[in-house]
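Structure first, commentary second.
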Amino acid sequence: VFKGELYRLESVRSGNWNNTLDCTNDVPGEGRRCAQHLRFRRQSGPPDWRTGEVVTSFGVGFDFGCAFVDHDETVFAYATGTGVAGPLERGAPATVTSWSSPTIAPSSTWVRRTALELGPGYTVFNTAVAVGMLDGKETYAMAIEVRHAQLGSGFQLVFATAPSASGPWTLGQSLPSRKGLMLGPGSCPALRYDGGSWHLLYTPNPTVPGGDYRTWQVWAARSRTLAFGSWTMSPMNPVMVADAFDRQIHNTD
């Protein structure tokens, strides 16, 4: 929500049916390829909440985007990618990039920065940013989905902190130990701060054997410090589970 309006940040991948940016069919056997990018779409509001128009696009060559509104004054977007217009080569990026703007409009100028470089051995995927209190002072925290051989197999959730949304960001996890700021195995984070605690929604995938949609669950956890071993799991976990009902098309439009 920015200036009283609801928006959605979309990470539009190369093969997305709704991607129309710089599309080609120059690779035989692979079909249509477009430039992956980020875009904000305005939502229309109640009662139907129908999808509105695309307001602004940026971040060509980037993926895994998340948005953060800083005190209703500045919009930030964070993403992973190579900055190359073609499909993302998974395994390449070890950097989180940020964009900022005081407006969400077709004329918006997005200021691009390198938010965080994680270093050799890391692969970075989804991120989520929130602001709250840590060690008695206002702190910006970024949940980061990573892979690194020294952290164990699969996706791991670690955290970086900063004095402002624009940084500088510092990774709170040191290798090879499981000390510092991290949750552990997990992916697809959403981070909020409320009531003196950092609240995390995430996917501990795969949670159910079989490899189909039943593996996708959402769990909740909270911590006052973001430190490894400090997280309390919700007794209601999993708080959301996909089932066959979610595979049905409910909106005839």
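The values are calculated or read from the model by the stated rules, or taken from the named source; none is laboratory data. Keep in mind that what you see is a predicted model, and the values were worked out from it rather than measured. We place every Cβ from the backbone using ideal geometry, glycine too, and count neighbours over all the protein chains shown. Just so you know, the surface numbers come from the protein's heavy atoms only, side chains and all, with ligands and any DNA or RNA stripped out. Shrake-Rupley method; radii C 1.70, N 1.55, O 1.52, S 1.80 Å.
Structure notes:
- When ALA244, ALA190 are checked against the criterion of being surrounded by fewer than 18 Cβ atoms within 10 Å (Cβ to Cβ), among the aliphatic types (A, V, I, L, M) and either modelled with pLDDT of 95 or more or under 17 Å from the mean Cα position of the chain (by Cα) (or both), ALA190 stands alone in meeting it.
- The residues of the range 82-95 that are open to solvent by 30 Å² or more (accessible area, probe 1.4 Å), out of contact with any Asp or Glu (no Cβ under 8 Å at 6 or more places or on another chain) and modelled with pLDDT of 50 or more, listed by number, are GLY83, VAL84, ALA92.
- Output for the range 51-81, where each listed residue is of a type in the set (D, E, K, R), farther than 11 Å from SER101 by Cβ, open to solvent by 10 Å² or more (accessible area, probe 1.4 Å) and free of Cβ contacts under 8 Å to residues at least 60 places away in the same chain: GLU53
- Unmet requirement for ASP212, which otherwise passes all of (1) open to solvent by less than 70 Å² (accessible area, probe 1.4 Å); (2) modelled with pLDDT of 90 or more; (3) of a type in the set (D, E, K, R): (2)
- Any hit, the range 138-153, residues being surrounded by fewer than 20 Cβ atoms within 10 Å (Cβ to Cβ), of a type in the set (Phe, Trp, Tyr) and modelled with pLDDT of 95 or more: no
- Which listed residue, of GLY196, GLY167, is open to solvent by less than 30 Å² (accessible area, probe 1.4 Å) and farther than 30 Å from ALA94 by Cβ: GLY196
- Hits in the range 217-243 - residues which are in contact (Cβ under 8 Å) with a residue 12 or more places away in the chain and over 15 Å from TYR202 (Cβ atoms): ARG224, THR225, ALA227, ASP243
- Among (1) at pLDDT below 95; (2) over 19 Å from MET182 (Cβ atoms); (3) hydroxyl-bearing (Ser, Thr, Tyr); (4) open to solvent by less than 20 Å² (accessible area, probe 1.4 Å), the one test that TYR122 misses: (2)
- Only a single criterion out of (1) open to solvent by 30 Å² or more (accessible area, probe 1.4 Å); (2) assigned to a loop (DSSP other than H, G, I, E, B) is not satisfied by ALA35, namely (1).
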